[in-house]
Structures are given as structure tokens and as C-alpha cells.
Amino acid sequence: MSIADNLALVRATIDAACTTAGRNTADVVLIAVSKTRPLAEIREAAAAGQSDFGENYAQELRDKVDEAAGGASVGLLLTWHYIGSLQTNKAKYVATRAALVHDVDRLELAEELGKRARVARWTGDAPTPLGLLVGVNIGEEPQKSGVMPRDALVFAAAIARIPGVALRGLMCIPPADADPIPHFERLRALRDDGLARGLPLRELSMGMSHDYPQAIAAGATFVRVGTAIFGARSLRGLAPAGQAPDGAPA
Ligand SMILES: Cc1ncc(COP(=O)(O)O)c(C=O)c1O
């Protein structure tokens with residue numbers, strides 16, 4: 001199956017999940033997770049109509065965005081999402097290139113992203129704040145990063161006050177080998193609680209290749225799908241040559 005065939009299948013699955021859930025397909029954005037995949041494959045996906053791509057190595061994102069933009073045709077039309085955890089000292093690679101950073105779990109990181117975004121993106125009368133999603137450790141797993149659910153809304157409120165960034169929503173990766181549905185529903189409930197308190201938490205980023213239909217049923221507005229589009233990552237768990245892995249999981 002080609003990337004275009006895979007994309008068509010994923011989109012059909014998203015449509016079906018939306019129909020079953022009584023949701024509008026336009027309310028679910030498919031992010032093609034292109035980490036470790038070459039630009040040629042991104043161009044192939046873009047040619048098949050895919051606009052949103054997700055990366056979780058900071059330098060890989062920088063290199064791909066710059067190369068895609070320099071190569072004209074598709075580069076400037078694409079929307080890039082940084083979907084992994086991010087070291088503060090690498091915020092500079094991401095702040096001016098990504099539209100959204102999905103896994104923010106430290107105030108220091110949000111402040112650095114805001115500082116970088118403010119300098120580079122806020123030009124005169126056309127400010128474009130960098131969108132942030134709070135990464136929530138929804139399964140409360142000790143070894144995982146992410147804000148604990150009980151702290152998430154206070155943390156989100158603090159992010160909402162940082163200049164240069166705009167709070168957009170919540171993100172999670174449920175524990176491996178567990179039924180993801182209760183975790184998706186818990187994130188949705190947390191989001192609804194935040195909305196009721198006036199926090200701008202429209203987006204729910206949840207669902208990967210093996211569980212995105214369930215995530216859509218629970219209210220996902222972004223699904224992050226890699227393997228089902230590009231195939232298995234041959235270097236699973238390894239960063240591209242010379243780059244430290246910033247994101248998890250691999
Ligand atoms: C945060 C995050 N979301 C989504 C994905 C995509 O996962 P899959 O290839 O299972 O669709 C990855 C892959 O590494 C990821 O790190």
C-alpha cells in the first residue's frame with residue numbers, strides 16, 4: 001500500500017468514527033507523524049492532500065521545515081506540530097517553526113517558547129501566538145513526564161497568562177497495554193472542567209495508530225497517526241543521526 005492509500009484508509013476510518021460518534025469530520029484534524037521519515041515521504045503525503053505533520057525531535061523538525069520551505073511547492077503550505085517532550089534549550093528550534101507544541105509540562109519551557117515566539121512571530125499588527133497544549137500524565141505513571149491530572153488546570157491557567165503563547169488544549173498518551181478509553185474519557189472530562197472554568201481548552205490531542213477511533217469517540221480534536229500512514233519506523237526508538245531524542249515514546 002502506498003502512503004496515499006494508507007492516508008485514504010485512515011481518513012475513511014476517521015470519517016466512520018465521526019459518523020458513529022455523531023461528530024463533524026471537520027472537527028478532527030489528522031496529524032501525520034513523520035518523525036524519522038524522509039522529506040520525500042512527507043511530500044508524497046502532502047501531494048495526497050495531507051497538511052498537518054508531527055515531529056518530536058527538535059532538530060529534525062528544524063531541518064525538515066527549513067528544507068521544505070526552501071524547496072517551495074509544499075513547504076509553506078504545511079502545518080507543523082511538535083508532539084513530544086521538549087528540552088528547554090531546544091525551544092528555539094521549535095518556537096518559530098511549529099504552529100502548535102503538544103506536550104508542554106513545565107512552566108519554564110512555556111516561558112522560553114513564549115519569549116522566542118514573541119520575538120520572531122509578533123510582527124506589528126499580525127500577531128500569531130504559538131499554540132500550546134498541556135501534556136497530561138493521564139495514567140499517573142511515575143516514569144512518564146506530563147502534568148498530573150490534579151495539577152493540570154492550575155498549570156493550564158498559568159500557561160494562559162504567558163505572553164507570546166496561546167493555551168489551546170490538553171494532550172495525553174494513555175499507558176501502554178491498558179484500555180485507552182477510560183484515559184481518553186478522563187482527559188475529556190478534565191478539558192470540560194477547564195472549559196467550565198473559562199480556560200481556552202478547545203483541543204484534545206489524543207489517539208495514535210492503534211487507538212485513534214476510540215479517541216475520536218471520546219472527543220479528540222487532533223489524532224496523531226504515524227505507523228498507519230508511513231509504515232513501521234525502522235529506527236524505532238532511535239533519533240536521527242547525531243540528534244538526542246527529545247520526545248517520548250519512540
Ligand atoms: C507523541 C506521539 N504521538 C503519536 C505518535 C504516533 O504513533 P503511531 O506510529 O503508533 O501512530 C508518536 C510516535 O512516536 C508519538 O511519539
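The values are calculated or read from the model by the stated rules, or taken from the named source; none is laboratory data. What you see is a predicted model; the values in this text were computed from it and never measured. Cβ placement follows ideal geometry from the backbone for every residue including glycine, while neighbour counts extend to all protein chains displayed.
Of the residues making up segment 31-57, just one is surrounded by fewer than 18 Cβ atoms within 10 Å (Cβ to Cβ), hydrophobic (A, V, I, L, M, F, W, C) and either within 16 Å of the ligand (Cβ to nearest atom) or part of a loop (DSSP other than H, G, I, E, B) (or both), namely Ala48.
From the list Val134, Val154, exactly one residue is under 19 Å from the mean Cα position of the chain (by Cα) and of a type in the set (A, V, I, L, M). Which is it?
On the way: Val154 fails: under 19 Å from the mean Cα position of the chain (by Cα).
Answer to the check: Val134.
Screening Ala178 against (1) aliphatic (A, V, I, L, M); (2) under 16 Å from the mean Cα position of the chain (by Cα); (3) within 16 Å of the ligand (Cβ to nearest atom) leaves a single unmet condition, (2). Within segment 149-159, being of a type in the set (A, V, I, L, M) and surrounded by 18 or more Cβ atoms within 10 Å (Cβ to Cβ) holds for Ala152, Leu153, Ala156, Ile159.
Table: residues versus (1) over 20 Å from Arg97 (Cβ atoms); (2) without any contact (Cβ under 8 Å) to a residue 24 or more places away in the chain; (3) surrounded by fewer than 17 Cβ atoms within 10 Å (Cβ to Cβ).
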site	(1), (2), (3)
Met1	yes, yes, yes
Ala12	yes, yes, yes
Val28	yes, no, no
Gln59	no, no, no
Lys64	no, no, no
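The C-beta contact set for segment 164-180 (first residue in contact (Cβ under 8 Å) with a residue 12 or more places away in the chain and of a type in the set (Val, Ile, Thr), second residue buried (at least 18 other Cβ atoms within 10 Å of the Cβ) and assigned to a strand (DSSP E or B), distance under 6 angstrom, 6+ apart or interchain) comprises Val165/Leu130; Val165/Leu132.
Within segment 166-221, can you find the residues that are surrounded by fewer than 24 Cβ atoms within 10 Å (Cβ to Cβ), among the polar types (S, T, N, Q) and not in a loop (DSSP other than H, G, I, E, B)? Scanning segment 166-221 gives a single hit, Gln214. Of all residues in segment 199-212, those that are touching a residue at least 12 places away in the same chain (Cβ under 8 Å) have Cβ atoms under 7 Å from Cβ atoms of residues that are near the ligand (Cβ under 8 Å from one of its atoms) and not in a strand (DSSP E or B), 6 or more apart or on another chain, in Ser209/Gly226; Ser209/Thr227; Ser209/Ala228. Within segment 216-249, restricting attention to residues that are at pLDDT 95 or above and away from the ligand (no atom under 11 Å from the Cβ), the residue that is farthest from Thr88 (Cα to Cα) is Ala217. In segment 127-147, is there at least one residue being surrounded by fewer than 19 Cβ atoms within 10 Å (Cβ to Cβ), among the hydrophobic types (A, V, I, L, M, F, W, C) and without any contact (Cβ under 8 Å) to a residue 40 or more places away in the chain? Scanning segment 127-147 turns up no residue that is surrounded by fewer than 19 Cβ atoms within 10 Å (Cβ to Cβ), among the hydrophobic types (A, V, I, L, M, F, W, C) and without any contact (Cβ under 8 Å) to a residue 40 or more places away in the chain.
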